[in-house]
Amino acid sequence: MLELHQFEASHYCEKVRLVLDYKQLPYRTIEVAPGIGQIDLYRLSGQRQVPVLKDGNEVISDSTAIARYLDTRYPERPIIPTDPKQKGLCLMMEAWADESIGLNGRKAMIGAFNQHPNFRTALLPISTPDLVKTAVGAVPGDILNLLGTGVGFGPGAVKSATEILRQDLEALCLILGTQPYLCGDQPTLADLTVAGLSMYLKFPSSIYVDLPVGICDKGVPGLVDDPAFSVFWTWRDQLYRDFRRQRSVGPTASAPTTGPVAIGID
């Protein structure tokens, strides 16, 4: 069986999970524990980032490489068009989503955690004592912004990322207002990439991703609650209903994690 070495909370891993579910391929997830688990991942793949797919003796890292491998190895329900123009459009949009929605989405999510206490505390495990939740929620956003500045997540970076994402969502809404999918009448890798990477803008419901219950269906204020972007969120949620497999259990291997994990992902 296919094995996906992952962080459950990684939006690049969610992109791969969407591809696997769309192609209706059975797989098991191997949750990589940050730190020591990444040493084992390095032994397997030669690098420490997730996602990594193991298919028999084949080991593939990077979400784009995994998607292209799966479409070649398992051609049923293809996700990359054969028509040259459509294929070029699909691959270009997938690369754009990786760089724009993927990277800027992370910054916008962290900015939302900093500025909105309820959003921040929702990511804590259910078992977290109320006293700790109150303390986390009470940390002033200005202090968190200051701490984030040195690692590229300061208020200026968050504001810039959010503005770029607003432009991205506007463009996606314009496309989806005239056709069912981003490259035409059938889902492609472009759709699955955009939908999966949008997880940090609005977390899916708990039946899809094993996340703390309080974070499910929450999103970045200004992006998920703006009526101008309703076309995109309606499309994203419908794509999940149509193609994403509902969960019945949590990650199938490795040490379980009940709270936030470091998301150093590719």
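The values are calculated or read from the model by the stated rules, or taken from the named source; none is laboratory data. Just so you know, these numbers come straight off a predicted model, no measurement behind them. Using ideal geometry, Cβ is built from the backbone for each residue, glycine included, and neighbour counts are taken over all protein chains shown.
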Counted residues in the range 185-234 being surrounded by fewer than 16 Cβ atoms within 10 Å (Cβ to Cβ) and modelled with pLDDT of 95 or more come to 7
From the option list PRO187, PRO155, single residue qualifying as over 18 Å from GLY102 (Cβ atoms) and touching a strand residue (DSSP E or B) at 6+ places or on another chain (Cβ under 6 Å) is PRO187
For LEU172, are the conditions met, namely being modelled with pLDDT of 95 or more and closer than 28 Å to SER63 by Cα? yes
Hits in the range 28-62 - residues which are modelled with pLDDT of 85 or more, charged (D, E, K, R) and out of contact with any Ser or Thr (no Cβ under 6 Å at 6 or more places or on another chain): ARG43, LYS54, ASP55, GLU58, ASP62
If PRO180 satisfies all but one of (1) at pLDDT 95 or above; (2) exposed (fewer than 13 other Cβ atoms within 10 Å of the Cβ); (3) under 22 Å from VAL224 (Cβ atoms), what's the number of the condition it fails? (2)
Considering (1) in contact (Cβ under 8 Å) with a residue 12 or more places away in the chain; (2) farther than 13 Å from LEU189 by Cβ; (3) not assigned by TED's automatic domain parsing to the domain that holds GLY222, say which one GLY56 fails and leave the rest. (1)
